[in-house]
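A.B. asks: This structure is in structure tokens; I'll ask about it shortly.
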Amino acid sequence: MDAPLYLDHAATTPPLPEALEAFQRAVESGFANPGSLHQAGADAARMIEKARKSLRESFGAHNYQVVWTATGTEGNHLGIQGLARAQRKVVERKGLQPRVLVGALEHPSALLAAQALAEEGFVVETLAGDGDGIIRPEVLEAALGEDVVMVTIQWANNEIGSLNPIQELVARTRRGAPNALFHSDAVQAVGKCSTALDRLGADSYSVAAHKLGGIRGCAAFLLREGCVKPKAQFVGGGHESGLRSGTENTMGIAAFAAAAKVRRQWMTEEPDFLASRRRNLVTMLKEIVPDLVTLGPEDESEQLGAVLSIAIPGIRAEPFLHRLESEGVLVGSGSACHAHGHTESAVLMAIQLPANLRNSVLRLSLCGDESRSDLQRTAKAIEGCLATS
């Protein structure tokens, strides 16, 4: 029997072989506390600094400080709450109440981090996305002003794969809100989009290892050089320049850097490696399901090639997902971070997907190494499940 075909990479990726090798090397030679003064500690510290440099190169983030964290959620809190708290006095000195703008389709770790600031006296406003799940520049521009201290908009949506025009959104923010800092949740996009973070120009980003072939429990917060320092979420030993206290996860860090390097190599060798697979899969599925609904933008320049979110009229996603699993194909439904809850997806409501389709959505998310036969196997499994529904 064939091994299961895993198509839920937006939830988490299996570690790449190179990441596992780097992890094992760090277990053997980087096990010591990086803060220790002996040679073993110095070896671990050098391993961390080497990985820090490598990550900046892989993400095109030469103008950013890499702060190691444990999760993308933590990076979002540090970027949104930490920077907003650090910046609030700039507008309060002018007699203004600090305002925070957050995209309506954000991952809950960003949306809820922003909304929690209302309890501290910030005015928190939500920016509406369009039917493609994108925050258009004119929507942001209309909300900007001197009292805005934070704008947070994700680069790629985790449920439907829409890409926000971060570079233009940052430019509009610089012009229309001179006191604002811009944070972007880049967890789903890095390692899958070739645009350098330096080019996008946000003040900070959150990224996570396990979305691109690293190992869970390691992530990073990227802070633009010269930017105001955020208020730390964790205090203690003063690690990471005082921005994130806690003994560094040397093994996870080494694996993260190794995985990011591999993903950069893939994008360099075949820039279209994800979009072409998504395109072929859509073609195959539409031959089977003529009334298939694809969510998100039609324009490939606005799509994350790794994510294909579809609605199949007449099915219920959860039981259908399990039937696919019995056929050896593993896919997702909505966001796995809150998949076991009972509330409707805020993203599907925000893009105004018809109510009769919201329980019929499957998310097929790719690694980028799938063969054509893998895609055909997926389409055949869906066809078979539909025939027995």
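A.B. asks: From Cα pairs below 8 angstrom and at least 6 apart in sequence, can you work out the relative contact order of the chain, rounded to a whole percent? Walk me through the numbers before you get to the answer.
C.D. replies: On the way: 811 pairs, mean separation 91.6, N = 389.
About 24 percent, as a whole number.
A.B. asks: Calculate the FRET efficiency for Gln265 and Glu302 from the Cβ-Cβ distance with a Förster distance of 22 Å, rounded to the nearest 0.05.
C.D. replies: 0.30
A.B. asks: Tell me the mean residue ellipticity at 222 nm calculated for the chain from its helices only (DSSP H runs of n ≥ 4, each -39500 (n - 2.57), averaged over every residue, nearest 500).
C.D. replies: -11500 deg cm²/dmol
A.B. asks: Mind checking the stretch 203-267 for GluC sites (Glu not before Pro) that DSSP puts in a loop (not H, G, I, E or B) and that have at most 15 other Cβ atoms within 10 Å?
C.D. replies: Glu225
A.B. asks: Let me ask something else about it. Counting other beta carbons within 10 Å of each Cβ, put Val67, Val228 in order, fewest first. Write down the numbers at each step before the final one.
C.D. replies: Numbers: Val67 24, Val228 14.
Least to most surrounded, the residues fall as Val228, Val67.
A.B. asks: Starting from the 7 Å offset along Cα-to-Cβ, what nm value, one decimal, do you get for the label separation of Leu37 and Val293?
C.D. replies: With each label point 7 Å from Cα toward Cβ, the separation is 6.6 nm.
A.B. asks: A follow-up question, please. Hey, how many Å between the Cα centroid of the stretch 39-60 and the Cα centroid of the stretch 189-242?
C.D. replies: Computed from Cα coordinates, the inter-centre distance equals 14 Å.
A.B. asks: Could you list the square roots of 5 times each eigenvalue of the Cα gyration tensor of the stretch 341-389, that is, the equivalent ellipsoid semi-axes, sorted largest first and rounded to whole Å?
C.D. replies: In descending order, the three semi-axes are 27, 16, 9 Å.
A.B. asks: Within a 10 angstrom radius of the beta carbon, how do Ser326, Ser204, Ser58, Ser360 rank from fewest other beta carbons to most?
C.D. replies: The order, fewest Cβ neighbours first, is Ser326, Ser360, Ser58, Ser204.
A.B. asks: How do His183, His210 line up, fewest other C-beta atoms within 10 Å first?
C.D. replies: The order, fewest Cβ neighbours first, is His210, His183.
A.B. asks: Among DSSP beta bridges whose residues both lie in the stretch 17-265, state the antiparallel percentage, nearest 5. Intermediate values should be presented prior to the final figure.
C.D. replies: Details: 12 of 28 bridges.
Here the antiparallel bridges make up roughly 45 percent for the stretch 17-265.
A.B. asks: I would also like to ask the following. Which entries in Lys211/Lys261; Lys192/Lys286; Lys53/Lys229; Lys53/Lys261; Lys192/Lys231; Lys231/Lys261 show an alpha-carbon gap greater than 22 Å?
C.D. replies: Pairs exceeding the cut-off: Lys192/Lys286; Lys192/Lys231; Lys231/Lys261.
Computed from the coordinates by the stated procedures, all read-outs in this text should not be read as laboratory data. Source: prediction; values computed, not measured. A quick note on method: Cβ atoms are made from the backbone with ideal geometry, for glycine too, and the neighbour counts reach across all protein chains shown.
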